[in-house]
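A.B. asks: Input: one structure, supplied below.
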Amino acid sequence: MFTGIVEEIGQVHRVVSGQPSGEIIIHARTVLENTRTGDSIAVNGVCLTAREILPDGFIADVMPETLRRTNLGNLLAGSKVNLERALPADGRFGGHIVTGHIDGTGTIRSCRREGNAVWVTVEADKAILDLIVPKGSVAVDGVSLTVAELTEHTFCVSLIPHTGARTILLSKKAGEPVNLENDVIGKYIQRLITTSIPVPQQQVCRITEAFLLENGF
């Protein structure tokens, strides 16, 4: 599990894609501290397993499906990426619950400055927007952000200077893809209310005055 608080901006050294598997090599420093082979590191919000720890980075296997369904497939040597280690049990919970399982990609539509903040508008599919609520949380390229505005086709987030400086979001241009992960609590609630379980008629409890009196109410 992650919290969406980016620890470091890493740099891609190499991406190898193909069948049946691919790999990504990323230069980093901070996320290597106390990290061992097999640990999880979020790369632009995508949970990857560190297959090998290098003196100046790490190697992770990437499935072709991951490359297709996230913006990791767009990475090239030299690309910058947001990095976060998995949250330790005694860690500080600074963002929101982020699983590292991307729901889909969105597209940057615009960025505009307002005072010390930058408003970023992202276009996304209806399936993703249906799980977004104003003032709720969303992870954009692994960054925990608060939804400031929501429309039929887009949502907006507002970045403070610290977030802009410590992540790659403000380096994105209009038309570029970003990884999106909805709030996991909202996904579970949606699943519960949209999945109906048939109840046999004989098991249906009818609340009547007689029933309440019989049961001591």
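The values are calculated or read from the model by the stated rules, or taken from the named source; none is laboratory data. Owing to the predicted nature of the structure, the values given are computational and were not obtained by experimental measurement. Cβ sites come from the backbone with ideal geometry, for glycine too, and all protein chains shown count toward neighbours. When the accessible area is computed, the model is the full protein with side chains, heavy atoms only, and any ligands, DNA or RNA have been set aside. Shrake-Rupley method; radii C 1.70, N 1.55, O 1.52, S 1.80 Å.
A.B. asks: Can you give me the % of accessible surface on the chain that is carbon or sulfur? Probe 1.4 Å, all protein chains present, nothing else counted.
C.D. replies: Whole-percent figure for carbon plus sulfur exposure: 53.
A.B. asks: Charges only on Cβ, +1 for Lys and Arg, -1 for Asp and Glu: so what's the dipole of the stretch 57-135 about the Cα centre, in debye to the nearest 20?
C.D. replies: Values: 10 positive and 9 negative charges, 63 e Å.
I would put it at about 300 debye.
A.B. asks: Still on this structure, I have one more. Between Ile25, Ile128, Ile185, find the one with the highest GNM mean-square fluctuation for the chain; connect C-alpha pairs within less than 10 Å.
C.D. replies: Ile185
A.B. asks: Once the other residues with Cβ under 14 Å from the Cβ of Asp56 are scored (Lys, Arg +1; Asp, Glu -1), what is the net sum?
C.D. replies: Around Asp56, the charge tally is -1.
A.B. asks: Report for the chain the percent antiparallel among DSSP-assigned beta bridges with both residues inside it, nearest 5.
C.D. replies: 100
A.B. asks: Would you rank Glu181, Glu23 by solvent-accessible area, highest first, keeping every protein chain in place and using a 1.4 Å probe?
C.D. replies: Glu23, Glu181
A.B. asks: If you count only protein heavy atoms and use a 1.4 Å probe, how large is the accessible surface of Ser171, to the nearest 10 Å²?
C.D. replies: In the full protein context, Ser171 sits at about 70 Å².
A.B. asks: What value, in deg cm²/dmol to 500, does the helix sum -39500 (n - 2.57) over DSSP H runs of n ≥ 4 give at 222 nm once divided by the residues of the chain?
C.D. replies: For the chain, the value works out to -3500 deg cm²/dmol.
A.B. asks: May I pose another question? Using a 1.4 angstrom probe on the protein heavy atoms only, line up Leu129, Leu150 by accessible area, largest first.
C.D. replies: So, going from the largest accessible area down, we get Leu150, Leu129.
A.B. asks: Using +1 at the C-beta of Lys and Arg and -1 at the C-beta of Asp and Glu, which of Gly115, Val138, Ala89 has the Cα lying farthest in the positive direction of the dipole of the stretch 79-217?
C.D. replies: Gly115
A.B. asks: Where does helix 184-194 land angle-wise versus the long Cα axis of the chain, in degrees 0 to 90, nearest 10?
C.D. replies: Taking the Cα atoms of the chain, the angle to 184-194 is about 40 degrees.
A.B. asks: For Thr146, what accessible area in Å² do you get when you roll a 1.4 Å probe over the heavy atoms of the protein chains, rounding to the nearest 10?
C.D. replies: Accessible surface of Thr146 is approximately 80 Å².
A.B. asks: With +1 on each Lys and Arg Cβ and -1 on each Asp and Glu Cβ, how big is the dipole of the chain about its Cα centre, in debye rounded to the nearest 20?
C.D. replies: On the way: 20 positive and 24 negative charges, 86 e Å.
Rounded to the nearest 20 debye, it is 420 debye.
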